[in-house]
Structure formats: structure tokens, C-alpha cells
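The values are calculated or read from the model by the stated rules, or taken from the named source; none is laboratory data. Because the structure is predicted, anything quoted here is derived from the model rather than measured. Glycine gets a Cβ as well: all are built from the backbone with ideal geometry, and neighbour counts include every protein chain shown. Ligands, DNA and RNA are stripped out before the accessible areas are found, and what is left, the full protein with its side chains, is counted by its heavy atoms. Shrake-Rupley method; radii C 1.70, N 1.55, O 1.52, S 1.80 Å.
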Amino acid sequence: MADPQHLPTIGTIGAGHIGSTVARLAQAAGIDVVLSNSRGPSSLEDLAQDIGSHVRAGTTAEAAASDIVVLTVPLLTLTSLDPELLAGRIVVDTMNHYPERDGTIPALDSGATTSGLTAAHFPDARVVKGLNNIVHSHLLALARPSGASDRSALPIAGDDAAAKAEVTHLLDALGYDALDAGPLSEGWRFERGREAYTLPYAADPEALRASTPGARPEGARPASTEDLRRALAEA
Ligand SMILES: NC(=O)c1ccc[n+]([C@@H]2O[C@H](COP(=O)([O-])OP(=O)(O)OC[C@H]3O[C@@H](n4cnc5c(N)ncnc54)[C@H](OP(=O)(O)O)[C@@H]3O)[C@@H](O)[C@H]2O)c1
């Protein structure tokens, strides 16, 4: 059970749109963050400084030593990471499959989920799918304090109940309610192309639905736990 007084430390593997947005939310919450990428800390020092005093640049190994690791790299690069890197760690897997970026992945064609790939590559990690179904700009815009009437919910899926409790606690600190969508195998319900993927947080979901694949929605709107529950059920 997560201790409500204890704020976890976060390490991000990947410091692009999502990694840096998570760091900004963490900075606002007073959570310490280590940002990392493949090019090393010197490439991230300016970004860390720009975000704030709770954020520093580090190596992937330093990021991986945090309480919770946010794995947020292109899916294509998953297999380039050392499988030992995340052994025993709680990992929030934000990755989605974009065929135009990641190419065809036969295991996904035959029905595996992206998190199934992550769990297979990091067999000793405590993988929780999350932070993958919302565009980074909406993630930043919709964060609200606990109890706010316009607070949004984000789905999580995973097989490790204690890891999900820690991630729920983290999301709460970052400004979101968490909705447990079940085991990791249910993560497909909020992957790309599903009702719970980006649409609940789009001010104009119909325009987004009608737009070309991969298009980014403009305005954000809050999505309550009930809104999200409905979207997951429609998957
Ligand atoms: N953008 C969104 O709104 C959004 C929303 C939900 C989920 N996602 C998913 O989240 C993941 C990240 O998306 P993003 O938009 O944040 O991507 P991004 O802006 O392209 O950033 C990717 C980050 O990963 C780093 N990286 C790449 N290969 C790496 C490796 N082998 N080891 C360590 N770091 C590596 C990159 O830095 P270097 O190349 O310098 O290493 C960069 O910091 C993707 O799987 C995406 O599908 C994105």
C-alpha cells in the first residue's frame, strides 16, 4: 500500500514529449526526477534546469534506480535497452505502436499488446501500462489537485497490485485519478485506435476521429473516471 505521505522519486528513460511533461508535473508536485536518454546527461542538462530544481539529468542506470521508472521511448528502441536495467523496478510503460515510426512488429500483428512486449523484454520488471493514452499537451493542461471537480482520470493496467498502488499514488500526486483497467493483458483497451485513446481528453473528439491517423487534437477537456470507464467498455 502506498504511503500517502511519501512522494516517490521518478526516473524517466526518454526525455522527449512525455518524459519532459511528466518531469514538469513532478516538479510542480515537489517530486524528484532523473531524466535520461540515449545520448547521456550532458544533452539534458539545459532541459532539467529549465524545468526546475527537482529535476536533474542522469544516466539511464541512475534513472532506473528511482522508485518509479517512466519508460517513454519509441517502441522501436525497446529491444536496444539492457533487459537487466529494470529488474525489480516499478515501470510505467507509456509506449504506443506507431507503425509509421516503429515499423511492423509481427508479435503485435498476432494480437500481443505493447505492454506484453515490454514485459517480455524486461521479465523481472513490475510493468504498469499508463500515461500512454493522452497527448502530452493534454497531460500538462489537465492536471488538477486531488478533489477538483474537473479532475481527469487516467487508466492503468498491470499484473502487480502493489506496483499499481504505487503508480496510482504517483498519478494522484501528478494531478490525476487512476482507473484500474485490470491486468496487463487488458492494456489494449486504451491503446491507439480505441475509444479510450486520446479521444476522452479532446475538446472535439469527432474532429479528431475524422482526422488522419496520428493527428494531434488541439483543445483539451477533462475526462472523469466515469467518462473513462465508458470509453474502456466501448473498446
Ligand atoms: N507524444 C505524446 O503525446 C505521447 C502520448 C502518449 C504516449 N506516447 C508514447 O510515449 C513514448 C515516447 O513518446 P514521446 O512523444 O515522448 O517521444 P519523443 O519526444 O520522440 O522522445 C523520445 C525520447 O526517448 C529517448 N530515447 C530514444 N531511444 C532511446 C534509448 N535507446 N535509450 C534511452 N532513451 C532513448 C529520446 O532521446 P535520444 O534519442 O536522445 O536518446 C527522447 O528523449 C512513445 O512510445 C510514444 O508512442 C507519446
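Only helical DSSP H runs with n ≥ 4 go in: add -39500 (n - 2.57) per run for the chain, normalise by residue count and round the 222 nm mean residue ellipticity to 500 deg cm²/dmol. Please report the intermediate quantities before stating the final value.
Working: 10 runs with 76 residues, N = 235.
Calculated from helices alone, the mean residue ellipticity at 222 nm is -8500 deg cm²/dmol.
Using only Cα atoms, figure out Rg for the range 53-177 and give it as a multiple of 2.2 N^0.38 Å.
In units of the globular-protein estimate, the range 53-177 measures up at 1.09.
Could you tell me which residue out of Leu44, Pro83, Gly158 lies farthest along the dipole of the chain toward its positive end? Charges go on the beta carbon: Lys and Arg +1, Asp and Glu -1, centred on the Cα centre.
Final value for the positive-end residue is Leu44.
Label the range 1-100 by shape, choosing from rounded, prolate and oblate, from the square roots a ≥ b ≥ c of the eigenvalues of the Cα gyration tensor; if a/c is under 1.5 it is rounded, and otherwise prolate applies when a/b is larger than b/c, oblate when it is not.
Working: a/c = 1.58, a/b = 1.22, b/c = 1.30.
It is oblate, given that a/c is not under 1.5 and a/b is not larger than b/c.
What does the charge count near Leu76 come to, summing +1 for each Lys or Arg and -1 for each Asp or Glu among other residues with Cβ under 13 Å from its Cβ?
Summing Lys and Arg as +1 and Asp and Glu as -1 gives -1.
With springs only between Cα atoms under 10 Å apart, run a GNM on the chain and tell me which of Gly103, Gly58, Gly16 wobbles the most.
In this elastic network of the chain, the residue with the biggest mean-square fluctuation among Gly103, Gly58, Gly16 is Gly103.
In nm, what is the difference between 0.36 nm times the number of residues separating Ala148 and Thr212 and their Cα-Cα distance?
Values: separation 64, 0.36 × 64 = 23.04 nm, distance 3.37 nm.
Length gained between Ala148 and Thr212: 19.7 nm.
Take the chain, connect every pair of alpha-carbon atoms lying under 10 Å apart with a spring to form a Gaussian network, then pick out the residue of Ala112, Ala223, Ala65 with the largest mean-square fluctuation.
Ranking Ala112, Ala223, Ala65 by mean-square fluctuation puts Ala112 first.
Of all beta bridges DSSP finds with both residues in the chain, what is the antiparallel percent, to the nearest 5?
Expressed as a percentage, antiparallel bridges in the chain total about 10.
Give me the percent of the accessible area of the range 10-187 that comes from carbon and sulfur atoms, probe 1.4 Å, all protein chains in place.
After summing per-atom areas, the C and S share lands at 51 percent.
So if I take the alpha carbon set of the chain, get Rg, then get Rh from the Kirkwood formula, what is the Rg over Rh ratio?
So for the chain, dividing Rg by the Kirkwood Rh gives 0.93.
Determine the per residue accessible area of the chain with all protein chains present and a 1.4 angstrom probe, expressed in square angstrom.
Per-residue accessible area for the chain comes out at 44 Å².
Rounded to the nearest 0.05, what FRET efficiency do Glu226 and Asp159 have when you use their Cβ-Cβ distance and R0 = 30 Å?
Numbers: r = 25 Å, r/R0 = 0.84.
The computed FRET efficiency comes out at 0.75.
Taking the range 19-86, which GluC sites (Glu not before Pro) meet the DSSP loop condition and have no more than 16 other C-beta atoms within 10 Å? Working shown, then result.
Working: sites: Glu45, Glu62, Glu84; in loops: Glu84.
Within the range 19-86, the qualifying GluC sites (Glu not before Pro) (loop, at most 16 other Cβ atoms within 10 Å) are Glu84.
For the range 157-211, what does the alpha-carbon gyration tensor say about shape, rounded, prolate or oblate, given a ≥ b ≥ c as the root eigenvalues, a/c under 1.5 as rounded, and a/b over b/c as prolate? Let's see the in-between values first.
Numbers: a/c = 4.55, a/b = 1.69, b/c = 2.69.
Oblate.
Would you mind telling me which residue in Leu75, Leu208, Leu139 has the biggest mean-square fluctuation in a Gaussian network model of the chain, where springs connect alpha carbons within a distance under 10 angstrom?
Comparing Leu75, Leu208, Leu139 in the GNM, the peak value goes to Leu208.
Inverting the mean 1/r over all pairs of different Cα atoms, compute the Kirkwood radius of the range 125-175 and quote it in Å.
11.7
Quick one, what does Rg over Rh come out to for the range 104-212 if you take C-alpha atoms and the Kirkwood Rh?
Rg/Rh for the range 104-212 comes to 0.99.
Which value, in debye to the nearest 20, describes the size of the charge dipole of the chain about its Cα centre when Lys and Arg Cβ atoms bear +1, Asp and Glu Cβ atoms bear -1, and nothing else is charged?
So the dipole magnitude of the chain works out to roughly 320 debye.
By how many nm would the segment from Asp67 to Ser110 lengthen if fully extended, with 0.36 nm per residue of separation less the alpha-carbon distance?
Extending this stretch completely gives an extra 12.1 nm.
Sequence gap at least 6, Cα distance under 8 Å: using those rules, report the relative contact order of the chain to the nearest whole percent. Intermediate results must be reported in sequence, preceding the final value.
Values: 478 pairs, mean separation 39.8, N = 235.
Dividing the mean separation by the residue count of the chain yields 17 percent.
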